[in-house]
1. Any idea what angle helix 314-329 forms with the longest principal axis of the chain, computed on alpha-carbon atoms, 0 to 90 degrees, nearest 10?
2. Given an 8 Å cut-off on Cα distances and at least 6 residues of separation, report the relative contact order of the range 197-344 as a percent.
3. Within 10 Å of each residue's Cβ, count the other Cβ atoms and sort 161, 141 from fewest upward.
4. Round to the nearest 10 and give me the degree value, 0 to 90, for the angle of helix 185-198's Cα axis relative to the longest principal axis of the chain.
5. In nm, give the distance between the simple-model label positions of residue 316 and residue 104, each being 7 Å from the Cα along the Cα-to-Cβ direction.
6. Calculated from DSSP H runs of 4 or more alone, at -39500 (n - 2.57) each and per residue, what is the 222 nm mean residue ellipticity of the chain, nearest 500?
7. Send over the Kirkwood Rh of the chain, from the inverse of the averaged 1/r over different Cα pairs, rounded to one decimal Å.
8. Apply the a/c threshold of 1.5 to the C-alpha gyration tensor of the range 111-235 and tell me whether it is rounded, prolate or oblate.
């Protein structure tokens, strides 16, 4: 069992106490929770529903759910070219216009829950659009935010980008929950696109099903129950994570090198593709097809070579991997010492 995560930044670690259950007496007024939604396949909505259900069922908690709607909807499943046509703007975090929000920015929430997907190693375009919306700057300033990621398996750098946007609006990241596809890394390079592009979620050629398992999704209810108890005790007003000890996140720092290589290629190719036209422009299509070929070569060469080299060099990289793992598992950590309190 890993020790609970302490507060870390890229400048290095600093000590922090473990979460305690002692707290002020509950507030008189109901606690207000904002949940920001965008799910293309519906999987992330299922995760969010499990987390939010205990809060919604509590009469002392008021939940407002805001569904993000791009003015030009993203299809599901995606047509092949349309899927890859989304990567330049995703990599460069160029937000699409959103339909009007129901929020004005003058509302006051005690806690914000932000589930998001990872698109091309960056936060999904609708979530980026929300965090760069003028309303977000007024709405989230000083507010504690719990992020929830559901993705294939590469999320480390996407979360760093999202943390940067939260910092820009003055929000406080207090917890992070990460759920990843349990399939082998190389298999998910094929099963995930098959699901997103052709709608084929069932496994094929002996490979596992794409996406999260039913058990993974159902088990996220423990986070909702822990958040409910934390709100009862005003713990969201503090600086410590509310979900420590619940196995919220397990980071695989060995994928960091592959993520950096992929992020750089997305950024450079994305700049080239955006230079010839906007989303859907015909001149982009030949370049997108060329990039698909480049990406396939990257997947079958750089990723396995990187993982093989790291396996060979693991004795020498142990300290670096341990440091990176601890850094990316903050603030909630991978420890499970409190899980028995909230499991079904």
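1. 50
2. It rounds to 43 percent for the range 197-344.
3. The order, fewest Cβ neighbours first, is 141, 161.
4. 80
5. Label at residue 316, label at residue 104, 6.2 nm between them.
6. Helices in the chain give a 222 nm mean residue ellipticity of -13500 deg cm²/dmol.
7. In the chain this quantity evaluates to 21.0 Å.
8. Oblate, since a/c reaches 1.5 and b/c is not below a/b.
Values in this text are rule-based calculations from the coordinates and carry no lab data. Since the model is a prediction, treat every value here as computed from it, not as a measurement. With ideal geometry, Cβ positions are generated from the backbone for all residues, glycine too; neighbour counts draw on all protein chains shown.
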